[in-house]
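The values are calculated or read from the model by the stated rules, or taken from the named source; none is laboratory data. Note that the coordinates shown come from a computational prediction; the quantities given were computed from them, not determined experimentally. Using ideal geometry, Cβ is built from the backbone for each residue, glycine included, and neighbour counts are taken over all protein chains shown. These accessible areas exclude ligands, DNA and RNA; they are computed on the full protein's heavy atoms, side chains included. Shrake-Rupley method; radii C 1.70, N 1.55, O 1.52, S 1.80 Å.
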Amino acid sequence: MKSTIVAPSLLAADFSAAGEALRLVESSGAPWLHLDVMDGRFVPNLTFGPKMVADLRRRSSLFFDAHLMVESPESMVDGFIEAGADAITFHVEACVHAHRLVERIRSAGRKAGVSIVPSTPVSAIVELMRCVDLVLVMTVNPGFGGQRLIPDCVRKVSEIYEFREREGLGFDIAVDGGVNGDTAPRVRAAGADALVMGSAFFESADPAALVRDVLALPGPRA
Ligand code: DX5
Ligand code: ZN
C-alpha cells in the first residue's frame, strides 16, 4: 500500500509572508507543497504564476505539486516546468488533447496529473488513468479555499482506487477541497494517497500534530 502524503496548500497562507509559510510546511513534516494556480477564467479567482513557484523553489526542496485551474493549460505548462514544479496537474475539463499534454510534462521529467471537478464523472478520465502519475479528485468546486467537502465526491475516490488496483496501475490519488481532521479519515479510507489541506493546515494551532495524525491514518481496506 502507498503511504499517506500531506500536501498543504499555499492558497490558505498569507501571500505577503510566503517564505514563512514555506518554512511552516517544511517544519510540519509534510512532504509536498500544493500550489494552486488560478486564471480567473477556468475558476472565478486569480492567484499566481510561475514566478512565485520559481522564487519558492530556490528556498525549498519540498515536492512542488502545481495544480493548474486554468483554461488552455498547454499554453502554461512550460513556465511551470522551468519554474521547477515537480508535478503538474491540469483539468480534463480544460484540455482536449490531454494525452499530448501528459506526454509533454513527462518528457520534461516531471509527474503529470489530471484533475476532475465535482460534476465530472470518473468515466471522463478512464483513458487517461493509464498514462498519468497523479489523479486529483476535487471535492469542492475549485476557486476558493475554506469550502466544505462534498460527500458524494468521496465515492469517486473509491471508484478510482478500485480501478487502479484492478488494472495494476501506479498513479497516486489526491483529494483536494474541504479536507481537514474530520474528513481526512474518510478520504484516506476511500483510497486517497495525497491529502491536500489548505485552511485546515494554515488555521491549525498545531500543524505538525495535524500532519502527524493524518500520516498515521489507516489506509483503504485496513
Ligand atoms: C481550491 C483549491 C484547493 C484549496 C483547498 O480550488 O484547489 O487546493 O487550497 O483549500 P481547503 O483545504 O481550504 O478546502
Ligand atoms: Zn488545489
> In the list 119, 123, which residue meets the criterion of being within 16 Å of ligand 1 (Cβ to nearest atom), under 23 Å from residue 102 (Cβ atoms) and open to solvent by 50 Å² or more (accessible area, probe 1.4 Å)?
Replying inline: 119
> Can you tell which of 6, 43, 102 is assigned to a strand (DSSP E or B), crowded, with 17+ Cβ neighbours inside 10 Å and modelled with pLDDT of 95 or more?
Replying inline: 6
>> Taking the condition of being near ligand 1 (Cβ under 10 Å from one of its atoms), under 16 Å from residue 69 (Cα atoms) and aliphatic (A, V, I, L, M), how many residues in the stretch 13-49 meet it?
In response: 4
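Yes/no per residue for (1) in contact with a Ser or Thr (Cβ under 6 Å, 6 or more places away or on another chain); (2) over 20 Å from residue 31 (Cβ atoms):
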{"residue": "143", "(1), (2)": "no, yes"}
{"residue": "155", "(1), (2)": "no, yes"}
{"residue": "158", "(1), (2)": "no, yes"}
{"residue": "170", "(1), (2)": "no, no"}
{"residue": "179", "(1), (2)": "no, no"}
{"residue": "194", "(1), (2)": "no, no"}
{"residue": "202", "(1), (2)": "no, no"}
{"residue": "208", "(1), (2)": "yes, no"}
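Restricting to the stretch 143-153, and then to whatever is under 17 Å from the mean Cα position of the chain (by Cα) and open to solvent by 10 Å² or more (accessible area, probe 1.4 Å), can you tell me which residue is farthest from ligand 1 (Cβ to nearest atom)? Can you show your working first?
The first filter runs over the stretch 143-153 and keeps only residues under 17 Å from the mean Cα position of the chain (by Cα), leaving 143-150, 153.
Still in the list and also open to solvent by 10 Å² or more (accessible area, probe 1.4 Å): 144-150.
Numbers: 144: 6, 145: 3, 146: 5, 147: 5, 148: 8, 149: 8, 150: 11 Å.
By that ranking, first place goes to 150.
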>> Given the criterion over 22 Å from residue 43 (Cβ atoms) and not charged (D, E, K, R), identify the matching residue among 107, 115.
In response: 107
>> Given (1) part of a helix (DSSP H, G or I); (2) small (Gly, Ala, Ser); (3) under 15 Å from residue 10 (Cβ atoms), identify the lone condition not met by residue 85.
In response: (1)
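Could you grab me the full set of residues in the stretch 154-179 that are within 16 Å of ligand 1 (Cβ to nearest atom) and of a type in the set (Val, Ile, Thr)?
154, 157, 173, 175, 179
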>> I need the full set of residues from the stretch 9-23 which are assigned to a helix (DSSP H, G or I) and buried (at least 18 other Cβ atoms within 10 Å of the Cβ), in order please.
In response: 10, 11, 12, 21, 22
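Residues that are of a type in the set (S, T, N, Q) and over 23 Å from residue 76 (Cα atoms): does the stretch 145-152 have at least one? Break it down into steps so the answer makes sense when it comes.
Residues of the stretch 145-152 of a type in the set (S, T, N, Q): 147.
Going one step further and asking which of them are over 23 Å from residue 76 (Cα atoms), we end up with 147.
Yes, the stretch 145-152 contains at least one residue that is of a type in the set (S, T, N, Q) and over 23 Å from residue 76 (Cα atoms).
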> Considering the stretch 192-210 alone, what residues qualify as being open to solvent by less than 10 Å² (accessible area, probe 1.4 Å) and more than 23 Å from residue 110 (Cα to Cα)?
Replying inline: 201
> Residues of the stretch 46-71 being assigned to a loop (DSSP other than H, G, I, E, B) and either open to solvent by 50 Å² or more (accessible area, probe 1.4 Å) or in contact (Cβ under 8 Å) with a residue 40 or more places away in the chain (or both), which ones?
Replying inline: 58, 59, 61, 62, 71
> Which one of the conditions (1) under 17 Å from residue 112 (Cα atoms); (2) touching a residue at least 40 places away in the same chain (Cβ under 8 Å); (3) over 15 Å from the mean Cα position of the chain (by Cα) does residue 134 fail to meet, given that it meets all the rest?
Replying inline: (3)
>> Looking at residue 112 and the list (1) open to solvent by 10 Å² or more (accessible area, probe 1.4 Å); (2) touching a residue at least 24 places away in the same chain (Cβ under 8 Å); (3) of a type in the set (A, V, I, L, M, F, W, C), which single condition is not satisfied?
In response: (1)
>> Pull out all pairs, ordered by first then second residue, where Cβ-Cβ is under 6 Å, the residues are six or more apart or on different chains, the first lies in the stretch 148-162 and is closer than 17 Å to residue 196 by Cα, and the second is modelled with pLDDT under 95 and open to solvent by 20 Å² or more (accessible area, probe 1.4 Å).
In response: none
> Residues in the stretch 117-159 that are more than 16 Å from ligand 2 (Cβ to nearest atom) and of a type in the set (Gly, Ala, Ser): how many?
Replying inline: 4
